[in-house]
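Here's the structure, in structure tokens; my notes come after.
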């Protein structure tokens, strides 16, 4: 019985950690292609996301009630890690020469955010 309790106690902290999903519904601007948007996402991951604990992928609907929007799915290790990355992103946006500001300019030229949601994943 004691072994069972110790095993249970060892496993409990593992269940307390969850990934965080940042889900942004996006519509591409006229003149911006899906491949251009993917290029921005790839640059985001390699130039900014990797050093800030954030990784993104893009979902293109095949079957959905909405076949016009794309979905940016960003993943962080936890909600706290997402918050830290978000703070860093906002701070960097104030410097027009920063990686974040340059990426944001590309995002704005290519797409429009329609909605944003956030989820903990267990």
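Multiplying the residue separation of residue 35 and residue 51 by 0.36 nm and removing their Cα-Cα distance gives an extension gain of 3.4 nm. Helix 2-15 and the longest principal axis of the Cα set of the chain meet at an angle near 10°. Return one number: the angle in degrees, 0 to 90 and rounded to the nearest 10, between the long axis of the Cα atoms of helix 34-44 and the longest principal axis of the Cα atoms of the chain. Rounded to the nearest ten degrees, it is 50. Stretching residue 88 away from residue 73 to a fully extended chain increases their span by 3.6 nm, per 0.36 nm per residue minus the current alpha-carbon distance. Scan [x] -0.46, -0.59, -0.89, -1.07; [y] -0.30, -0.43, -0.78, -1.00; [z] -0.38, -0.51, -0.80, -0.97 for the value of log10 I(q)/I(0) by the Debye sum over Cα atoms at q = 0.11, 0.13, 0.17, 0.19 Å⁻¹ calculated from this model and give just the label. It is the one labelled [x]. For helix 99-110, what angle does its Cα long axis make with the longest principal axis of the chain, in degrees from 0 to 90 and rounded to 10? Approximately 60 degrees, to the nearest ten. Expressed as a rounded percentage, what relative contact order does the chain have, with Cα pairs under 8 Å and six or more residues apart? Result for the chain is 43 percent.
Every number in this text was worked out from the coordinates using simple rules, so none of it is lab data. All figures in this text were calculated on a predicted structure; none of them were measured in a lab.
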